[in-house]
Every structure is written in structure tokens, then in C-alpha cells.
Amino acid sequence: MAVTGQLSFDSHTRSVLAAAVEYVNRLTPGYSGGSPVAAPADAATAVGDALAAIGYPRPDVPRPDAERLVELAGRMRTIFEAAQADDLDQAATGVNALLLDTNARPQLDRGRDRPWSLHFHGPNDELANGWAAGCAAGLAIAIGSDLAGRLGVCAAPQCDRVFVDVSRNAQRRFCSPQCQSRVKAATHRARQQS
């Protein structure tokens with residue numbers, strides 16, 4: 001899971017930001033660790049994989065929900081990219097459009113043995129509506145606070161996977177330890193050759 005560490009997002013915000021990261025990284029084409037990534041051939045399976053990666057039971061994903069989440073993942077990617085570029089106006093505009101399109105509505109929910117906490121839901125219980133509204137709200141919480149700089153895009157060559165930096169010092173630059181190692185090894189080889 002890409003969202004771990006020491007920054008204190010509440011558990012719901014942490015979950016929906018982790019889902020946003022998984023959706024963007026699994027549902028949008030680009031590069032990962034130097035290799036091309038195609039859009040998923042089976043979006044429903046990719047959506048299920050994304051939820052399983054953040055610890056949720058693998059759901060049966062209806063095709064229209066999967067297609068909707070693929071479209072929204074592309075829009076979420078532009079928010080991460082704008083935040084990475086420190087273009088908070090563009091990021092906020094994108095988040096506001098997502099909030100409007102998903103009809104995200106706040107609601108206090110209480111889990112077993114947990115206190116009341118603020119969650120965001122869509123207009124109905126369809127998988128795409130609920131998760132998209134939650135992701136939009138999580139991105140809004142990050143962009144609308146001093147945490148906007150925590151949304152990132154991998155700095156490794158030929159990698160455009162996104163992440164949320166939850167480290168104490170806010171210095172994360174890579175989507176994974178593998179990309180960080182790949183860059184360090186390339187830098188080391190370049191020094192050895194010169």
C-alpha cells in the first residue's frame with residue numbers, strides 16, 4: 001500500500017487517499033519503474049485489485065462502475081500532477097469538479113468499537129459512487145490544507161505512478177523503494193563511469 005508512515009491523516013482519509021493512489025496507479029496508462037503500463041484490459045478486476053491492495057474485501061465490480069472509476073482515475077491523476085507541480089489552483093479546480101460530479105456528501109459514521117468519524121458518500125450505494133466520492137473528499141482534504149504538498153508523482157525516470165507522502169519530513173520523491181533504488185544505482189553507475 002502506498003500510504004503508510006508517520007503523518008496523521010484520520011483513518012477514513014488515509015483509506016480514501018490510499019484508494020485514490022491505487023485507482024490512479026492501476027487504472028491509468030503510463031510508466032511504472034521504467035516499464036510501460038497499459039490501461040487495464042479488465043477494469044473490473046483492476047478495481048477489485050485496488051481495493052484488495054488497501055485491505056478491503058474484493059468486491060464484485062459491475063462493468064459500469066469499473067468504467068466510471070477508470071474515467072475518474074484519469075481525473076484524479078491530473079490532481080496529483082497539479083499538486084506535484086505546486087499548481088494548487090488547477091488541483092483545487094479538479095477536486096471541486098470531482099466533488100460536484102460524485103455528489104460527495106458528508107456523513108458521520110460509527111464502526112464497531114470506534115467513535116463517530118466523518119466519512120463522505122455518494123448519492124447511492126453503488127461501488128463507483130461511494131469510492132469516487134470518498135476519493136474526491138480525501139483529495140479535497142489534502143489540497144485544502146497544508147497537506148497538498150504530500151500528493152506526489154514518482155521522480156524516477158520513466159515512472160509516473162502517484163503516492164501520498166506520509167513521512168515525517170515530507171521528503172519522499174519516489175512511488176516505491178524499487179524506483180528509489182533504481183535511481184540510486186543509476187546515479188552510482190554514472191559516477192563510476194566518470
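What follows draws every value from the coordinates through simple rules; no lab data is involved. Since the structure is predicted, the reported quantities are computational estimates derived from the model, not experimental observations. A quick note on method: Cβ atoms are made from the backbone with ideal geometry, for glycine too, and the neighbour counts reach across all protein chains shown.
Dividing the summed helix terms, -39500 (n - 2.57) for each DSSP H run of n ≥ 4, by the number of residues in the chain produces a 222 nm estimate of -17000 deg cm²/dmol to the nearest 500.
Each part gets one Cα centre, and for the stretch 85-116 versus the stretch 117-194 those centres are 17 Å apart.
For residue 85 and residue 60, the difference between the fully extended length at 0.36 nm per residue and the C-alpha to C-alpha distance is 5.4 nm.
Need one number: nm distance between label points at residue 169 and residue 35, each 7 Å from Cα along Cα→Cβ, rounded to one decimal. Simple spin-label model gives 3.1 nm for this pair. Using only side-chain charges placed at the Cβ, +1 for Lys and Arg and -1 for Asp and Glu, the dipole size of the chain relative to its Cα centre rounds to 880 debye. The angle between the Cα long axis of helix 88-102 and the longest principal axis of the Cα atoms of the chain comes to about 40 degrees, rounded to the nearest 10.
For the chain, the residue among 185, 121, 104 whose Cα projects farthest onto the positive side of the dipole built from Cβ charges is 185. Peptides 52-59, 138-145, 112-119 ordered by packing proxy, namely the average of other Cβ atoms within 10 Å per residue, highest first: 138-145, 52-59, 112-119. Principal axis extents of the Cα atoms in the stretch 11-193, from largest to smallest and rounded to whole angstrom, are 59, 37, 35.
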